[in-house]
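Visitor: Here you go, one structure.
The values are calculated or read from the model by the stated rules, or taken from the named source; none is laboratory data. The structure displayed is predicted, hence computed values, not measured ones. A quick note on method: Cβ atoms are made from the backbone with ideal geometry, for glycine too, and the neighbour counts reach across all protein chains shown. Surface areas here come from the heavy atoms of the whole protein model, side chains and all, with no ligands, DNA or RNA. Shrake-Rupley method; radii C 1.70, N 1.55, O 1.52, S 1.80 Å.
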There are 2 protein chains.
Amino acid sequence: MEIKQEQKVSGERIYSGNILNLNKDQVEFSNGLTSVREVVEHSGGVSVLAENEEGKVLLIKQYRYPVDEVIYEIPAGKLEIGEDLEECAARELREETGYQAEKFTELYKFYPTPGYSTECIYIFQAEKLSYVGRELEEGEYIEVVPKSKAELKELFKNGELKDSKTLISVMHYLGDL
Amino acid sequence: MEIKQEQKVSGERIYSGNILNLNKDQVEFSNGLTSVREVVEHSGGVSVLAENEEGKVLLIKQYRYPVDEVIYEIPAGKLEIGEDLEECAARELREETGYQAEKFTELYKFYPTPGYSTECIYIFQAEKLSYVGRELEEGEYIEVVPKSKAELKELFKNGELKDSKTLISVMHYLGDL
């Protein structure tokens, strides 16, 4: 079966914001049918799987307004337009946890919600960490919670890892993949 | 350190759509600072990790307009408001792959992008499958591609699994977690 693609016929910018824009596009399929696509434009995110000098993975706990919950995440931030991926990884790791790393390696690149968002999230592994001090942005309230492998396994098994990038990173860390 | 939560001060509905709504809320932190939260409201999604009678996992290939790419995914769909999770899983599996399952078990519940979306995605495991015929919705162009464990490992290693729910499901399937 052919995978039919769709072409944009027209588009409307609904909203231009700080962290996202919203577009409403008309698309046409190859059979002539048309449909509407509601698309969140997001510049992408970079996240970091980092083990500190004690062999613990740096998780953070943060209140997330959209889901009204304090959840565990790996350090992460929004990619500035044109920003280098590794620079973004280093900046967010430093700001949120206070650690610098000597080496960053890209592990994963994924779309959290390809049905309605352009966002792509990168996961980097950070190695050879040293503590240099945190630099939180104003309005960021973040608790750093280093977790051992055994503790991560517990959190995973108990369904306490609810964020996509964090779940993928911890499954990578725990598994033999 | 206390994890400071934020309270909604006021809210504005920017857009009400077919698959999502967009709100712009003013929030206040406990220290009196205020900020803006752009929040995509989404009713949630249910996805299905299903092995067919030949021991192959049912992946689908689908063009995703927001990321302008044909990607692999597990069968999934949007939760209707008030809909039972298992019913949604069964419906989407049937519509997209033509399979019925005797048993559904919840494996994961995660937030793809808790920073700006309310969406929660559930992953169910479907067991004891039988083929009864597909029922695609109008405008759905989906190719079903059953994959063996070895094939999934290849796709995973080559970075060809780019969708969050699919990556998590395949890591679960391949790993010993």
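Visitor: Using a cut-off of 10 Å between beta-carbons, work out the net charge of the residues near B:LYS162 (Lys and Arg +1, Asp and Glu -1, B:LYS162 not included). Before the final figure, lay out the partial values.
Guide: Values: positive: A:LYS109, B:ARG64; negative: B:GLU69, B:GLU73, B:GLU160, B:ASP163.
Net local charge, B:LYS162 excluded: -2.
Visitor: Once you have the Kirkwood Rh of the protein assembly as shown from its Cα pairs, apply Stokes-Einstein at 37 °C and 0.692 mPa s and quote D in µm²/s.
Guide: Rounded, D is 155 µm²/s.
Visitor: A further question on this structure: What's the angle, to the nearest 10 degrees (0 to 90), between helix B:164-174's Cα axis and the longest principal axis of chain B?
Guide: Relative to chain B, helix B:164-174 is tipped by roughly 50 degrees.
Visitor: At A:GLU41 and B:VAL36, where each label point lies 7 Å from the Cα along Cα→Cβ, what is the point-to-point distance in nanometres?
Guide: The modelled label-to-label distance comes out at 1.6 nm.
Visitor: Out of all DSSP beta bridges in region A:45-174, what portion is antiparallel? Express it as a percent rounded to 5. Before the final figure, lay out each step's value.
Guide: Working: 25 of 31 bridges.
Among the beta bridges of region A:45-174, antiparallel pairing accounts for roughly 80 percent.
Visitor: Then there's this: Can you give me the angle between helix B:85-97 and the longest principal axis of chain B, using Cα atoms only, in degrees from 0 to 90, rounded to the nearest 10?
Guide: Around 50 degrees separate the two axes.
Visitor: Nothing charged except the Cβ atoms of Lys and Arg (+1) and of Asp and Glu (-1): what's the magnitude of the dipole of region A:45-174 about its Cα centre? Round to the nearest 20 debye. Write down the numbers at each step before the final one.
Guide: Details: 16 positive and 27 negative charges, 119 e Å.
Result for region A:45-174 is approximately 580 debye, rounded to the nearest 20.
Visitor: Same structure, new question: How much of the accessible area of chain A, in percent, comes from carbon and sulfur atoms when a 1.4 Å probe is used? Mind dumping the intermediate values first?
Guide: Numbers: 3170 of 7910 Å².
Ligands and nucleic acids excluded, carbon and sulfur reach 40 percent.
Visitor: Separate question: Between B:GLU28 and A:ASN158, take the C-beta separation as r, use R0 = 30 Å, and let me know the FRET efficiency to the nearest 0.05.
Guide: On the way: r = 32 Å, r/R0 = 1.08.
Calculated transfer efficiency: 0.40.
Visitor: Ignoring everything except DSSP H segments at least 4 long, calculate the 222 nm mean residue ellipticity for chain A; use -39,500 (n - 2.57) per segment, divide by total residues, nearest 500. Present the calculation step by step, with values, prior to reporting the outcome.
Guide: Details: 3 runs with 33 residues, N = 177.
Only helices count here, giving -5500 deg cm²/dmol.
Visitor: Another question, then. Provide the net charge surrounding B:LYS128, with neighbours chosen by a C-beta distance below 12 Å and charges set as Lys +1, Arg +1, Asp -1, Glu -1. Walk me through the numbers on the way to the answer.
Guide: On the way: positive: B:LYS103; negative: B:GLU51, B:GLU53, B:GLU102, B:GLU127.
So the environment of B:LYS128 carries a net charge of -3.
Visitor: Quick one: what do you get for chain B if you divide its Cα Rg by 2.2 N^0.38 Å?
Guide: Values: Rg = 18.7 Å, N = 177, 2.2 N^0.38 = 15.7 Å.
Normalised Rg, Cα atoms only: 1.19.
Visitor: I'd like the FRET efficiency for A:GLU12 and A:ASP68, computed as 1/(1 + (r/R0)^6) with the beta carbon distance as r and R0 of 35 Å, rounded to 0.05.
Guide: Numbers: r = 30 Å, r/R0 = 0.87.
E between A:GLU12 and A:ASP68, to the nearest 0.05, is 0.70.
Visitor: What gaps in nm, shortest first, separate A:LYS149 from its twins in the other copies when you place the label 7 Å past Cα toward the beta carbon?
Guide: Once sorted, the set of distances for A:LYS149 reads 2.2 nm.
Visitor: Return the single residue from A:PHE110, A:PHE29, A:PHE124 with maximal mean-square fluctuation; model: Gaussian network over chain A, springs between Cα atoms under 10 Å.
Guide: A:PHE29
Visitor: Separate question: Any idea how far the Cα center of region B:51-75 sits from the one of region A:1-45, in Å?
Guide: 20 Å
Visitor: May I pose another question? Around A:GLY11, what is the net charge, scoring Lys/Arg as +1 and Asp/Glu as -1 over all other residues with Cβ under 12 Å from its Cβ? Let's see the in-between values first.
Guide: On the way: positive: A:LYS8, A:ARG13, A:LYS24, A:ARG37; negative: A:GLU12, A:ASP25, A:GLU38, A:GLU41.
Once positives and negatives cancel, what remains is 0.
Visitor: Hey, if you put +1 on the Cβ of every Lys and Arg and -1 on every Asp and Glu Cβ in the protein assembly as shown, which of B:ASN21, B:VAL39, B:VAL132 ends up farthest toward the positive end of that dipole?
Guide: Most positive-ward Cα: B:VAL132.
Visitor: To the nearest 100 Å², how much accessible surface do chains B and A hide from each other in total, with a 1.4 Å probe? Please report the intermediate quantities before stating the final value.
Guide: Numbers: alone 11040 and 11020 Å², together 15850 Å².
Interface area, both chains combined: 6200 Å², rounded to the nearest 100.
Visitor: Something else: Measuring nothing but label to label, 7 Å from Cα along Cα→Cβ, what are A:SER35's distances to the other copies in nm, shortest first?
Guide: Computed spacing set for this position: 3.5 nm.
Visitor: Provide the per residue accessible area, probe 1.4 Å, for region A:45-174, rounded to a whole number of square angstrom. Don't skip to the answer; put the middle values down first.
Guide: On the way: 5310 Å² over 130 residues.
Value returned for region A:45-174: 41 Å² of accessible area per residue.
Visitor: I've got another one for you. Taking only C-alpha pairs under 8 Å that are 6+ residues apart, what is the relative contact order of chain B in percent? Display every interim value, and only then the final one.
Guide: Numbers: 350 pairs, mean separation 38.6, N = 177.
In percent, rounded to a whole number, it is 22.
Visitor: Right, next: Any idea what the B:GLY82 label distances to the other copies are, label 7 Å down the Cα→Cβ vector, nm, shortest first?
Guide: 5.2
Visitor: Still on this structure, I have one more. Springs between alpha-carbon pairs under 10 angstrom, Gaussian network model over chain B: which of B:GLU73, B:GLU38, B:GLU127 fluctuates most?
Guide: Evaluated over chain B, the most mobile residue of the options is B:GLU38.
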